Every structure is written in C-alpha cells, then in structure tokens.
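Visitor: The following block contains the structure, expressed as structure tokens.
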Amino acid sequence: MASYNSFHVAQQQVLEAARLLHLDDATIELLSWPQREFSFSLHIRMDDGKPGIFHASRIQYNFARGPAKGGIRFHPDETIDTIRALASWMTWKTAVVDLPLGGGKGGIVCDPKSMSERELEALSRSYVRAIAPMIGVDKDVPAPDVYTNPQTMAWMMDEYETIVYSHHPGVMTDKPMQIGGTEGRRDATARGGVIAVREACRLHGFDPTRSFAIQGFGNAGQRAALLHANILGGRLVAVSDSQGAIFNPRGMDPEMLVKHKLKTGSVLGFPDAGEIPHGELLELEVEVLYPAALENAITAGNAPKIRARVICELANGPTTPEADLILHGKGIHVIPDILASAGGVTVSYFEMVQDRYSYFWDEALVHERLDAKITSAYHAVQEAMKEKKTHPRLAAMIVGVARVAEACKLRGWV
Ligand code: GLU
C-alpha cells in the first residue's frame with residue numbers, strides 16, 4: 001500500500017461534503033470519527049503446535065441510521081486507520097443506497113495465503129469470541145471483505161450462535177445458501193457496478209460494447225468480467241492481480257480466464273494474452289476501467305496518464321483526493337466506490353431481511369430489487385453533481401453524509 005493514510009483521506013472527504021452541506025461544527029466532529037472502536041489481540045494454536053498471536057479490530061463508525069454494517073478483512077497490511085477509513089466509507093455507502101443501516105468494518109492483521117484452513121477457522125472463531133457482545137442482528141452485522149468469504153461467515157455465525165444459544169443467521173451476511181444466505185449475493189458487488197455503468201452509458205452516451213479492463217481479480221473483479229461481458233457485451237482486454245497483468249487487445253474469454261485463475265491462483269500464464277507491466281493496466285485506452293483491488297491505486301502520479309472514459313470503482317478507496325480532481329479535469333466519468341461497490345451491501349441487507357422473516361426470495365427478485373436501488377442511487381448522485389457543481393465522489397459523499405447527518409440530528413445527538 002502507498003504511503004497514504006486512508007483515514008486522513010476519508011476524513012478530508014467528509015469535511016469537503018460537510019462544508020458544501022453547511023453542517024455545523026458538532027456534526028462535522030461527530031461524522032469525522034468512529035462512534036465505537038474495539039481493538040484486541042487473538043491467540044490460536046498454529047498447525048505446528050506453536051501459539052499464534054494476531055491483532056484485530058472491529059469499528060462501528062456510525063449507527064444513526066441502523067446497525068453498523070460492513071466486512072471483515074484478513075490482510076497483512078491492515079492498520080487501525082485503514083479499518084477506520086473502510087468503516088467510514090461503509091457509512092456513506094449504506095446511506096447512498098438508502099439502506100436502514102450504519103457503517104462498520106473489521107480486520108485481522110494476518111497473511112491468510114500462508115495459513116491452513118484449520119488455522120483460518122480457529123482465527124475466525126476466536127475473532128467472534130472477542131466481539132460477540134458487540135455484534136448482533138440489531139447491533140452490528142459483519143460480511144466478507146478482502147480474503148474472507150462465505151466459509152468464513154459460516155464459521156463466524158456458528159461461533160456466535162454457540163455463544164448466544166440461539167439461532168441468529170442474520171448476524172453475518174454473504175453466508176452459504178444452505179445456512180441462511182441469499183440468492184444473488186456472490187456477484188452482487190460486481191452486478192451493482194455493472195448496473196451503474198449501464199446507467200452511465202444510457203445517460204452520457206458511453207459505449208459499453210467496447211473494451212474494458214479490470215485491476216484486481218478477486219471475487220468482485222472476476223464477477224465484473226463475466227457480468228460486463230454478458231450484460232453489456234463489452235470486450236475484456238486486460239486484467240491484473242497481485243502477481244501481474246495481462247493484455248490482449250482482441251479480447252479474452254472471461255469464463256476461461258476465471259477458470260485459469262481458480263486453477264493456477266493467478267491471471268499470469270493465461271494462454272490467450274501477453275504480460276504487461278503491472279501499472280500499465282490502469283493507463284490503457286479503454287471505455288471502462290474497473291479498479292477492483294485495494295486502496296490508493298489511482299494517485300496524482302498515474303491519474304494524468306489514465307485514458308479510460310469511465311472508471312467504475314469496485315474497490316474501496318482506490319482513488320486519492322488529488323487524483324479525483326485530475327480525473328475530473330480530464331473529463332473522465334468516475335462512478336465512485338461508495339456507489340459503484342454498493343451492490344454487495346445492498347444484497348447483504350436483503351439477506352438480513354430474509355433471515356429475519358425466514359422466507360427466501362428467488363434470484364430474479366434479488367436482481368430486480370438490486371437494480372432499482374443502484375439505478376436510483378446513481379441518478380441521485382448525478383442530480384447532486386449538477387446541483388452542487390462538483391465531481392462525482394463529492395456528490396456521492398454529499399448524498400450519503402446529508403442522510404447520516406439528518407439521522408444524527410433527529411436523534412438529538414447534535
Ligand atoms: N465488504 C463489502 C463492502 O465493502 C460488503 C459489506 C457488507 O455486505 O456488509 O462493501
């Protein structure tokens with residue numbers, strides 16, 4: 001990760017939105033900091049018999065609009081400030097799509113790629129033992145994030161239910177379908193992004209059938225490759241992951257590429273493409289670019305060289321504030337993270353609703369309701385952009401921050 005402090009970036013974004021909304025000082029102070037933070041260390045027995053000690057946190061950034069909501073990340077570079085930033089962004093994300101939820105995030109500093117399945121299970125369960133009193137369907141509902149998945153959620157939910165002696169499937173979302181998960185959650189983040197791109201094309205005349213590129217080929221990146229090609233009909237010309245980047249101007253078959261990644265663990269070595277330097281992917285001339293990896297990928301250093309017409313941010317925080325201004329100046333249409341990646345948490349919310357009344361929707365209904373939420377959020381952000389004459393991220397922040405500020409005021413907090 002670059003030397004940016006993501007939490008300082010997040011605080012700056014809140015401040016800019018708050019100023020344009022003319023919020024008072026107390027509200028700005030409240031929204032600039034997490035409402036609750038828990039930091040703790042975990043100890044598990046490693047496979048070699050030695051103790052393993054891991055640092056972890058869960059942050060409930062704001063819960064004026066409902067229970068805190070957001071993923072849990074397993075990553076070696078996690079710090080309290082990356083989790084604070086991610087929890088802040090979840091707060092504005094749930095508000096932009098108008099869900100009755102707050103924002104939160106959690107993390108464990110670990111290297112999941114070097115850990116066994118048994119160690120990951122032990123770590124997941126010990127995390128829940130540490131935070132069980134602080135989470136719950138009406139308090140705080142975690143989900144997967146980077147290097148966590150439905151299996152992680154299954155272990156965590158099971159540990160929670162063991163502790164509280166009752167059934168609470170809605171305490172975690174993006175669970176496997178057999179134990180209270182919903183249809184349509186696995187590809188929801190990517191689907192939301194693709195729906196937002198579709199709206200951008202309709203409104204501004206971009207052509208989704210031309211080329212697109214994806215930076216980061218985890219769950220969101222893989223699903224975006226498949227969905228963009230299937231729904232919008234575009235040509236996937238470049239993909240990268242943590243090990244490198246590949247390019248084929250004639251296009252690659254997303255399905256074959258996903259199979260290759262699952263089989264070999266990387267996009268490198270895909271027979272139908274050549275390797276390019278990692279950073280070059282972001283600078284290719286494509287119609288749509290999907291940053292789908294980690295924070296701070298697009299900075300003042302590479303933003304001037306970006307040639308995409310549309311940037312759909314499936315990652316959280318991929319663009320620094322200086323880069324935002326550069327992209328805006330170049331006329332690139334950015335669909336900001338808190339809107340572009342909101343499909344995941346939207347379907348998480350649908351999962352919570354279904355778990356509550358224990359009656360499940362079919363996939364078509366999930367897709368239809370997700371589409372309605374993202375489409376209306378996209379247009380609300382476009383309206384704010386016009387009204388406040390600002391760039392898309394600030395417009396999205398204005399929509400989200402205004403809703404949270406209003407909830408805080410109604411509750412008498414400020
Ligand atoms: N980790 C995802 C995100 O950053 C999903 C969060 C959720 O479903 O709670 O949006």
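The values are calculated or read from the model by the stated rules, or taken from the named source; none is laboratory data. Computed from a predicted structure; not experimentally measured. Every residue, glycine as well, gets a Cβ built from its backbone with ideal geometry; the counts of neighbours run over all protein chains shown. Just so you know, the surface numbers come from the protein's heavy atoms only, side chains and all, with ligands and any DNA or RNA stripped out. Shrake-Rupley method; radii C 1.70, N 1.55, O 1.52, S 1.80 Å.
Visitor: Filter the range 393-414 down to residues that are without any contact (Cβ under 8 Å) to a residue 60 or more places away in the chain and either buried (at least 23 other Cβ atoms within 10 Å of the Cβ) or among the small types (G, A, S) (or both), then give me how many there are.
Guide: 2
Visitor: Which is buried (at least 24 other Cβ atoms within 10 Å of the Cβ) and either within 16 Å of the ligand (Cβ to nearest atom) or over 17 Å from the mean Cα position of the chain (by Cα) (or both), of K113, K105, K50? Step through it out loud before you land on a result.
Guide: Numbers: K113 fails: buried (at least 24 other Cβ atoms within 10 Å of the Cβ); K50 fails: buried (at least 24 other Cβ atoms within 10 Å of the Cβ).
That would be K105, the only listed residue that is buried (at least 24 other Cβ atoms within 10 Å of the Cβ) and either within 16 Å of the ligand (Cβ to nearest atom) or over 17 Å from the mean Cα position of the chain (by Cα) (or both).
Visitor: Filter the range 55-78 down to residues that are more than 17 Å from the chain's Cα centre (by Cα), surrounded by 17 or more Cβ atoms within 10 Å (Cβ to Cβ) and either closer than 21 Å to P112 by Cα or at pLDDT below 95 (or both), then give me how many there are.
Guide: Qualifying residue count for the region: 2.
Visitor: Hey, could you check the range 263-283 for residues that are open to solvent by 20 Å² or more (accessible area, probe 1.4 Å) and of a type in the set (A, V, I, L, M, F, W, C) and say which is farthest from H8 (Cα to Cα)?
Guide: Here the answer is A273.
Visitor: Can you confirm whether T79 is in contact (Cβ under 8 Å) with a residue 40 or more places away in the chain and among the polar types (S, T, N, Q)?
Guide: Answer is no for this residue.
Visitor: Which residue, of V137, V171, V164, is in contact with a Phe, Trp or Tyr (Cβ under 7 Å, 6 or more places away or on another chain) and either open to solvent by less than 40 Å² (accessible area, probe 1.4 Å) or over 27 Å from I374 (Cβ atoms) (or both)?
Guide: Selected residue: V171, the only one of V137, V171, V164 that is in contact with a Phe, Trp or Tyr (Cβ under 7 Å, 6 or more places away or on another chain) and either open to solvent by less than 40 Å² (accessible area, probe 1.4 Å) or over 27 Å from I374 (Cβ atoms) (or both).
Visitor: Anything in the range 200-235 that is part of a helix (DSSP H, G or I), of a type in the set (S, T, N, Q) and more than 21 Å from the chain's Cα centre (by Cα)? List them, or say none.
Guide: Matches in the range 200-235: N230 only.
For (1) polar (S, T, N, Q); (2) in contact with a Cys (Cβ under 9 Å, 6 or more places away or on another chain); (3) under 25 Å from M256 (Cα atoms), each residue gets a yes or a no:
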residue	(1), (2), (3)
A273	no, no, yes
E285	no, no, yes
P291	no, yes, yes
E295	no, no, no
I311	no, no, yes
A315	no, no, yes
T319	yes, no, no
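Visitor: Next question, about the same structure. Return the residue satisfying two criteria in turn: it lies in the range 116-134 and is in contact with a Gly (Cβ under 9 Å, 6 or more places away or on another chain) and open to solvent by less than 10 Å² (accessible area, probe 1.4 Å), and of such residues it is farthest from F40 (Cα to Cα).
Guide: From the range 116-134, those in contact with a Gly (Cβ under 9 Å, 6 or more places away or on another chain) are 119, 122-123, 127, 131; that's our starting set.
From the residues that got through so far, the ones that are open to solvent by less than 10 Å² (accessible area, probe 1.4 Å) too are 123, 127, 131.
Values: L123: 13, Y127: 9, I131: 9 Å.
Looking at the filtered set, the residue picked out is L123.
Visitor: Of a type in the set (G, A, S), at negative phi and part of a strand (DSSP E or B): is that true of G70 in this structure? If you could, list the steps in order and put the result at the bottom.
Guide: Working: of a type in the set (G, A, S): yes; at negative phi: no; part of a strand (DSSP E or B): yes.
In short, no.
Visitor: Looking at the range 354-364, which of its residues are open to solvent by 10 Å² or more (accessible area, probe 1.4 Å) and either touching a residue at least 24 places away in the same chain (Cβ under 8 Å) or within 13 Å of the ligand (Cβ to nearest atom) (or both)? I'd like the intermediate steps shown before the answer.
Guide: From the range 354-364, those open to solvent by 10 Å² or more (accessible area, probe 1.4 Å) are 355-364; that's our starting set.
Answer for the range 354-364, where residues must be open to solvent by 10 Å² or more (accessible area, probe 1.4 Å) and either touching a residue at least 24 places away in the same chain (Cβ under 8 Å) or within 13 Å of the ligand (Cβ to nearest atom) (or both): D355, R356, F360, W361, D362, E363.
Visitor: Follow-up question, since we're still on this one. Checking the structure you have, find out if any residue of the range 136-154 is closer than 21 Å to W361 by Cα and more than 16 Å from the ligand (Cβ to nearest atom).
Guide: Scanning the range 136-154, I find no residue that is closer than 21 Å to W361 by Cα and more than 16 Å from the ligand (Cβ to nearest atom), so the answer is no.
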